[in-house]
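Quick note: the coordinates plus some simple rules give every number you see, no bench work behind them. Predicted, not measured: the structure shown is a model, and the values here were computed from it. Positions of Cβ are backbone-derived with ideal geometry, glycine not excepted, and every protein chain shown enters the neighbour counts.
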Amino acid sequence: MARFHSVETTGRIYRDVYVIGDVHGSLDGLQAILEHAELLDRDGRWSGRRAQMVQCGDIVDRGPDSQECLDLLLKLRREARRAGGCVDLLVGNHELALAQGDYSISDLPKPEVLSAQLAKLIRMGRLQAARAYRQYLMTHAGVSTELMRYLIVELRKKSQSRITVAALARHLNQELKAAFLKDDFSHPIFHVGPARGGSHSRGGVFWADFDFDHDTVTRHPEVWQIFGHTPPNGGAPFRVSLDARRINIDVGICGRYGGYRAYVKVLPDRIVGIHCDEAQFEEEILAAIEEPVTA
């Protein structure tokens, strides 16, 4: 079994790291979360200074403000870079399908408008498949054990150097961009599992479902995964696997899924879930790392 060297020292370490789950066209919900995290000021500008924010995909569809949500996040991406911060936008299955020209899961009145824009953003690398930070890997739907084995084999073929979480994220991003440049989506990261109407045993990083790996112990405990995609079904907004290595942060921001307001703050030794509904303010430790990995 390959072991990941989880920290790559060449990456920039940001002051604070925040992760937001599926937005699904809820501009009110997105703004409320960003303001609570002090990443957005009252004039709608980036106020996070040198912080990093990762949005885990499914920006669009279901809610009323898909274009507005995408526009706001792209604007904050530009403003954060000028301030020394960072906004990373990941591709969800809804962005992926639209960019591929598949409108079957979209409820947008004119999906072709966003389709072209999203495909261009992916080809330009402004929407990506993954982000790594220290030992944390962030994707839209998570990397299953089956897919992780496949990706490790690919990484070994590409390089004899040590395998890091950052290298894994770069590989995922390269495969996403290459697929759109070549119009070839045969790589397993694009697989759709049976729960979503697909023919593969497991979904890839855009289509996997949290429940498949919830009760299993990961074979790569040095990789902590944060992802969304599967909304809560009447239970806790944050869902954590039994080994605490995989955390689903799709809390249902869009009113169609409950309209819950919550996000995650990533620290070197723990992952904190922050609830920010008007009637409730609460922080909870979702996972704690007894011995944080250091460079």
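Legend: Rg and Dmax of region 17-288, from Cα coordinates, 17.3, 53 Å. Dividing the mean sequence gap of close Cα pairs (under 8 Å, 6+ apart) by how many residues region 112-190 holds gives a relative contact order of 37 percent. Is region 1-150 best put as rounded, prolate or oblate by its Cα gyration tensor, with a ≥ b ≥ c the root eigenvalues, rounded for a/c under 1.5, and otherwise prolate when a/b is larger than b/c, oblate when not? Oblate, because a/c is 1.5 or more while a/b does not exceed b/c. How many nm separate the modelled label positions at S201 and K110, each set 7 Å beyond the Cα in the direction of the Cβ? If labels sit at S201 and K110, their model points lie 4.5 nm apart.
Multiplying the residue separation of L242 and Q174 by 0.36 nm and subtracting their alpha-carbon distance yields 21.4 nm. In the chain, the sites counted are GluC sites (Glu not before Pro) in DSSP loop states with at most 12 other Cβ atoms within 10 Å, and the longest stretch holding none of them, exclusive of the sites, is 1-277. C254 sits among other residues whose Cβ lies under 12 Å from its own Cβ, and their net charge, with Lys and Arg +1 and Asp and Glu -1, is -4.
Fully extended, how many nm does the chain gain between R45 and E222 (0.36 nm per residue separation, minus their Cα-Cα distance)?
60.1 nm
Dipole magnitude for region 19-74: about 280 debye, using +1 per Lys or Arg Cβ and -1 per Asp or Glu Cβ, origin at the Cα centre. Put a plus charge on the Cβ of each Lys and Arg, a minus charge on the Cβ of each Asp and Glu, and nothing anywhere else: the dipole of region 17-288 about its Cα centre is then about 1360 debye.
Our note on the geometry: Cα centres of region 87-105 and region 221-282, 21 Å apart.
Quick one: if the Förster radius is 41 Å, what FRET efficiency do F281 and R82 give, using the C-beta to C-beta distance and rounding to 0.05?
With a Förster radius of 41 Å, E is 0.85.
Here the label points at R149 and V272, each 7 Å from Cα along the C-beta direction, are separated by 3.9 nm in the simple model. Computed on the chain, with alpha-carbon pairs under 8 angstrom and 6+ residues apart, the relative contact order is 21 percent. Among beta bridges from DSSP that stay inside the chain, the antiparallel ones total about 55%. The number of Lys pairs in the chain with C-alpha atoms less than 29 Å apart, excluding pairs fewer than 8 positions apart on the same chain, is 16.
Each other residue within a Cβ distance under 15 Å of K182 adds +1 if Lys or Arg and -1 if Asp or Glu, for a net charge of -1.
3J(HN,Hα) couplings calculated from phi for region 248-262 with the Karplus curve 6.51 cos²θ - 1.76 cosθ + 1.60 (θ = phi - 60°) are, in sequence order, 8, 10, 6, 8, x, 5, 5, x, 4, 10, x, x, 8, 10, 6 Hz; Gly and Pro show x.
Scanning the chain for chymotrypsin sites (Phe, Trp or Tyr not before Pro) in DSSP loops with at most 16 neighbouring Cβ atoms within 10 Å leaves 1-102 as the longest stretch between them.
Computed extension length for L181-K157: 6.4 nm, one decimal, from 0.36 nm per residue of separation with the Cα-Cα distance subtracted. In region 77-209, the alpha-carbon atoms span a convex hull of 126 Å³ per residue. Placing +1 on the Cβ of every Lys and Arg and -1 on the Cβ of every Asp and Glu, with no other charges, gives region 1-157 a dipole of roughly 1000 debye about its Cα centre.
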